[in-house]
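Okay, so here's the structure we're looking at.
Read-outs: derived from the displayed coordinates by stated rules, not from any lab. Since the structure is predicted, the reported quantities are computational estimates derived from the model, not experimental observations. Cβ atoms come from the backbone with ideal geometry, glycine included; neighbour counts cover every protein chain shown.
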Amino acid sequence: MSCTLRIVNAIAAVALVAMGTPAATAEQAEKSPESRKLKVVLWTGGAAHDYKAITQILCEDLPRLGPLEIRAVQDGKFLDERDQRPFDAILMNHCFGKCAGVLTPAQQEKLLSTIREGMGVAAVHCSYWSFGEWKDFREVFGATFIRHGRNAKIIVRFVDRQHPISRELPETIELSCELYQSTPLDKDCHVLAVAKHAGTEAEHPSVWTKSYGKGRVVTILPAHPVDSFRVPDFQKLIFRGLLWSAGRLDAVEAERVK
């Protein structure tokens, strides 16, 4: 073979490899575990709770249950940075009295529009109480806080065992925490679980789902003490609620079966 022919063949081979590389790389990236992770913004902070300790637990333990990538934030800047740092769901665990210092007016509207357009939300414990003067925020959850009792043993009982969030959970979860009571739920709220103090009869809505525009929202009221966030079945509830809100629960379960 002549030297010229060898050079031509070498150039052609390099060209073919170069042409195939982007497609192969894109295909590999799409199949990689990292690309399938649900990107979650954990929005935390405020008063009356040990959010530093709780955030550490959630960031460490929830990804052990499945494909989550969690980033903790304390204000609304994550809404302005969405193009640069995209996310798939919002995990709210906060207790903010007012919007000032947390959300600008523009970020308030951006939050609502982001959920209306299809962003998934899992709101834990005090989150639905936050921003009490902001009436539009109440509509995301379909109810708001009235009162709670002391930290004590409560029993969370699932009344809809067929819903995707609750179908893999036990019938009851016992926690030592606060029992929240809420305003009457909007008609489009779907109750998954009720809760009561151990040894009593009165039960109150404790976990429910609601649509806000195209967004799926699950409200999870139990918790408060740091140790309640370490309970495996409660972590599983938050995890499944996040995946369901983002429309990824069925896909993740199907992947586990393979």
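Listing for the model above:
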quantity	calculated
Of LYS110/LYS214; LYS110/LYS187; LYS153/LYS210; LYS52/LYS135; LYS37/LYS98, those spanning more than 21 Å from alpha-carbon to alpha-carbon	LYS110/LYS187; LYS153/LYS210; LYS52/LYS135; LYS37/LYS98
Estimated [θ] at 222 nm from DSSP helical runs (n ≥ 4, -39500 (n - 2.57)) normalised by residues in the chain, nearest 500	-11000 deg cm²/dmol
Distant alpha-carbon pairs in the chain (separation over 36 angstrom), percent	21 percent
Student exercise, the chain dipole from Lys, Arg, Asp, Glu Cβ charges, in Debye to nearest 20	200 debye
Per residue, the convex hull volume that the Cα atoms of segment 103-177 enclose (Å³)	123 Å³
Cα→Cβ-extended label distance, 7 Å offset, between ALA254 and ALA152, nm	4.6 nm
Positive-end residue, the chain charge dipole about Cα centroid, Cβ charges, pick of CYS126, CYS59, ALA47	CYS59
Cα-Cα P(r), segment 101-239, percent of pairs per 5 Å interval	2, 10, 20, 23, 20, 14, 8, 3, 1, 0
Quotient of Cα Rg and 2.2 N^0.38 Å for segment 174-258, N being how many residues it contains	1.22
Placed amide H near LEU68: partners under 5 Å, 5+ positions off or other chain	LEU38
